[in-house]
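Below is one structure; the comments refer to it alone.
Derivation of every value follows stated rules applied to the coordinates shown; laboratory data play no part. Here the structure is a predicted model, which is why all the values come from computation and not from measurement. Neighbour counts are summed over all protein chains in view; Cβ atoms, including those assigned to glycine, are modelled from backbone coordinates with ideal geometry.
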Amino acid sequence: MSNTPVITIDGPSATGKGTIASLVAKELGYRLLDSGALYRVLALAACEEGIDLEDGAAIAGMAPGLKIEFPGNGRVSLGGRDVSSEIRTGTMDESASRVAALPEVRQVLLPVQHGFRSPPGLVAEGRDMGAVVFPGAKYKFFLTASPEIRASRRYRQLLDRGLGARLPDLLRDLRARDRRDEQRSISPLRPADRAIEIDTSQLTIVQVVDQIMQKRRQGGG
C-alpha cells in the first residue's frame with residue numbers, strides 16, 4: 001500500500017477543498033478521504049451520547065466502535081444512518097474544530113485515515129493530510145481564500161440547504177475557527193512541506209481542479 005499514490009488537499013474551511021477533492025478523485029478513479037467528516041461524525045456522536053467535547057479520552061475510546069462510511073456523492077453515514085446534513089451545520093463546524101484539537105482523538109484516527117490508502121490511489125482532504133497523515137505524498141496542495149469570500153460561500157451553502165444563517169455571524173465564527181486551528185499545539189493548520197498553494201478567492205471550482213490536474217501531469221505519475 002505504501003506505493004499507492006496519494007494527493008493531499010489541505011486548507012481552512014470553505015475554500016472549496018471538499019468539492020475539489022471529490023472531482024479530482026472522480027477524474028482519476030481514486031478513493032476519497034474526507035478527514036473533516038470523520039471529526040464531524042465523532043463530534044455528532046459525542047453530543048448524542050452526552051460526552052463533553054473536551055473529554056479527549058472518552059471520545060477517542062468511542063471512536064473505534066463507530067461505523068463510519070462514505071457511500072459516495074458527498075454522503076456520510078453513521079451506523080447505517082445518513083448524517084450528511086446533520087454534520088454540516090454551523091454548530092457542528094464549531095464542535096468538530098474542538099474535537100479535532102484533542103491529541104487523543106487525532107492519534108486514534110491516524111490508522112483509520114491510513115486505511116483509506118488503497119489502489120489505484122487516494123485523494124485525501126483536510127487540514128493536515130500533507131503535513132502529518134501522508135507526509136510522503138508526491139502531490140500536496142494547500143487551498144486558501146479570503147475570510148470574506150469563504151464566509152460568503154458558507155452562507156450560500158447553508159441557504160441552499162434551507163438552513164438559516166447570518167453572514168456576520170459566519171464570518172466571526174470562521175475567523176475564530178481559523179485562530180483555533182492555527183494555534184493548536186497538535187497539527188496546527190499550515191501548508192505542508194512542498195505543498196503548492198492555490199488562492200481560490202477568484203477561481204471557479206473547475207479552474208482549481210484544472211490547476212491540480214495540470215500539476216500532476218507535469219510531475220508525472
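Numerical summary
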| item | result |
| --- | --- |
| Along principal axes, Cα extents of the range 119-221, largest first, whole Å | 44, 34, 25 |
| Number of Lys pairs (Cα under 20 Å; 8 or more positions apart or on different chains) in the chain | 9 |
| For the chain, diffusion coefficient by Stokes-Einstein and Kirkwood Rh (Cα), 37 °C, 0.692 mPa s, µm²/s | 186 µm²/s |
| Relative packing of peptides 80-88, 40-48 - highest average C-beta neighbours within 10 Å first | 40-48, 80-88 |
| Built amide H within the under 5 Å cut-off of GLY121, gap 5+ | ARG31 |
| Within the chain, percent of DSSP bridges classed antiparallel, to nearest 5 | 25 percent |
| Whole-number percent relative contact order across the range 37-158, with pairs defined as alpha carbons under 8 Å at least 6 apart | 23 percent |
| Hypothetical label at LYS26: residues of the range 71-96 whose amide nitrogen lies under 19 Å (7 Å Cα-Cβ projection) | 71-77, 84-85 |
| Calculated FRET efficiency for the pair HIS114/ASP210, C-beta based, R₀ 30 Å, to 0.05 | 0.55 |
